[in-house]
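The values are calculated or read from the model by the stated rules, or taken from the named source; none is laboratory data. What you see is a predicted model; the values in this text were computed from it and never measured. Because the Cβ atoms are built from the backbone with ideal geometry, glycine has one as well, and the counts that use them run over all protein chains shown.
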Amino acid sequence: MPTPTDRSARIHEAAAELLRADGYRYTVARRTIVAALGDAGAPLTIPQLLAADSRLVQSSTYRNLVILEEAGVASRVVTSDDHARFELDERVTDHHHHHLICLDCGDVRDFELPAGIERSLQAEFGRASRAAMFRMERHRIDLLGTCAGCS
């Protein structure tokens, strides 16, 4: 069974590779952001990300998140509140999941579907894509509603 250190090393290797492929360096600031996102249990807002590691500076964190998102290292989860949330992209983590998004408070929770349902969805999405002559890369499902805390 892989250790947390093994997982972290794989994440950093994948991040460095994706950044290099887009012509970017894997700087200390980007490595710090990736580590904070990797340690988080859910997508983080920029204020949450800054609170997670005191070495992060707000202005460079914004710029670096744009680069990490562009390179496919991080993904943005848009919610109903004023803050987008960021998480490591599944190309980095090899972990496919979906989101429960509260329309009242903006909270985001991850959830997974059973493998059989994911395979069925993937097949249906493939059929729909082919019918539209659309090249699908991957899918993401966000369920929008109200969390227990806001109900």
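A few comments on the model shown:
- Scope the stretch 109-140; condition under 20 Å from VAL78 (Cα atoms) and surrounded by 10 or more Cβ atoms within 10 Å (Cβ to Cβ); matching residues: ARG109, ASP110, PHE111, GLU112, ARG138, HIS139, ARG140
- Of the residues making up the stretch 41-69, those that are surrounded by 16 or more Cβ atoms within 10 Å (Cβ to Cβ) and farther than 18 Å from ALA14 by Cα are PRO43, LEU44, THR45, ILE46, LEU49, LEU50, ALA52, LEU56, THR61.
- Of the residues making up the stretch 2-45, those that are among the charged types (D, E, K, R) and within 19 Å of VAL108 (Cα to Cα) number 1.
- The set of residues in the stretch 126-138 that are under 21 Å from the mean Cα position of the chain (by Cα) and either without any contact (Cβ under 8 Å) to a residue 40 or more places away in the chain or farther than 24 Å from VAL66 by Cα (or both) comprises MET136, GLU137.
- Counted residues, the stretch 9-45 - those being over 15 Å from the mean Cα position of the chain (by Cα), among the hydroxyl-bearing types (Ser, Thr, Tyr) and under 29 Å from LEU100 (Cα atoms): 1
- Within the stretch 103-125, being charged (D, E, K, R) and free of Cβ contacts under 8 Å to residues at least 12 places away in the same chain holds for ARG119, GLU124.
- All of GLY106, GLY72 fail the test of being at pLDDT below 90, of a type outside the set (A, V, I, L, M) and surrounded by 14 or more Cβ atoms within 10 Å (Cβ to Cβ), apart from GLY106.
- Any hit, the stretch 41-60, residues being modelled with pLDDT of 90 or more, closer than 24 Å to ALA21 by Cα and in contact with a Lys or Arg (Cβ under 7 Å, 6 or more places away or on another chain): no
- Criterion applied to ARG91, ARG85 was being touching a Pro at 6+ places or on another chain (Cβ under 8 Å) and modelled with pLDDT under 95, and the one residue passing it is ARG85.
- For the stretch 25-41, the criterion of being in contact with a Leu (Cβ under 7 Å, 6 or more places away or on another chain), of a type in the set (Lys, Arg) and assigned to a helix (DSSP H, G or I) is met by at least one residue.
- Members of the stretch 48-104 that are assigned to a strand (DSSP E or B) and either under 25 Å from THR5 (Cα atoms) or under 15 Å from the mean Cα position of the chain (by Cα) (or both): ALA74, SER75, ARG76, VAL77, ARG85, PHE86, GLU87, LEU88, HIS98, HIS99, LEU100, ILE101
- Top-ranked residue in the stretch 8-24 [being in contact with a helix residue (DSSP H, G or I) (Cβ under 8 Å, 6 or more places away or on another chain) and part of a helix (DSSP H, G or I); ranked as nearest to ARG63 (Cα to Cα)]: LEU19
- If you check SER8, SER80 for being over 20 Å from ARG140 (Cα atoms) and not assigned by TED's automatic domain parsing to the domain that holds HIS139, only one passes: SER8.
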